[in-house]
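In what follows, a single structure is set out as structure tokens and then discussed.
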Amino acid sequence: FSNVLLVSGDIDPSNVKKTLAKGRGYVAVDILGLPTGFDFHAESGPTAFEMGDEAPKGSTLLAKAPTVFGLDPAAQAPAIRMRMLRVTAAGTTTVSEGSAITLPNAEPGAYRVEVFITPHHLRGYLGELPDKYVKEGPWVFSNPLYVR
């Protein structure tokens, strides 16, 4: 697995530390395929808020599911499922699901995105018992984005 940081500007120790401190990143289980194109942010008017930020109540939350980088076009496509969760003192609820999520008028809470993958594309590499391993599993877990 890897911790993916969304660094703005130069990739240098100072910017990497700032990005890590702000919570701008996500965790990916790379052995199932390198995720590319994942996005999770909020918008309020012309202002965008990234993971780790605090967005105002009523913001629109947007998430886009990743795809597998360098996917062999001859392989069976993986099944990818994404959901957005809202965490409050009362508990955790799923607020939306899909490959692209738009959640307008977000209520206060901590929001995060989970992406699951069924790696059909790896079937040809898994020997005589691929069905034993081709099962849905966690792929990408975002850091939270807070709505206050």
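Please list 50-62, 98-110 highest first by mean number of surrounding beta-carbon atoms within 10 Å per residue. Intermediate values should be presented prior to the final figure.
On the way: 50-62: 17.8, 98-110: 14.5.
Descending packing order for the listed peptides: 50-62, 98-110.
The heavy atoms of LEU71 offer some 70 square angstrom of accessible surface to a 1.4 angstrom probe.
Based on Cα atoms of segment 92-148, Rg over Rh with Rh as the Kirkwood radius reads 1.16. Normalised per residue, the accessible area of the chain is 57 Å², obtained with a 1.4 Å probe and no contribution from ligands, DNA or RNA.
Calculated from DSSP H runs of 4 or more alone, at -39500 (n - 2.57) each and per residue, what is the 222 nm mean residue ellipticity of the chain, nearest 500? Write down the numbers at each step before the final one.
Values: 1 runs with 10 residues, N = 148.
My calculation for the chain gives -2000 deg cm²/dmol from helical runs alone.
Diffusion of segment 22-124 by Stokes-Einstein, at 25 °C in a medium of 0.890 mPa s and with Rh set to the Kirkwood radius over alpha-carbon pairs, works out to 166 µm²/s.
On the protein heavy atoms, probe 1.4 angstrom, tell me the percent of accessible surface of the chain carried by carbon and sulfur. Spell out each step's value before the answer.
On the way: 4670 of 8420 Å².
On the chain, the fraction of accessible area on carbon and sulfur atoms equals 55 percent.
Axis of helix 13-22 versus longest Cα principal axis of the chain: the two differ by about 80°, to the nearest ten degrees.
The values are calculated or read from the model by the stated rules, or taken from the named source; none is laboratory data. Since we're looking at a predicted model, the values are computed, not measured. Please note: Cβ atoms are built from the backbone with ideal geometry, for glycine as well, and neighbour counts cover all protein chains shown. Ligands, DNA and RNA are excluded from the accessible area calculation, which covers all protein heavy atoms including side chains. Shrake-Rupley method; radii C 1.70, N 1.55, O 1.52, S 1.80 Å.
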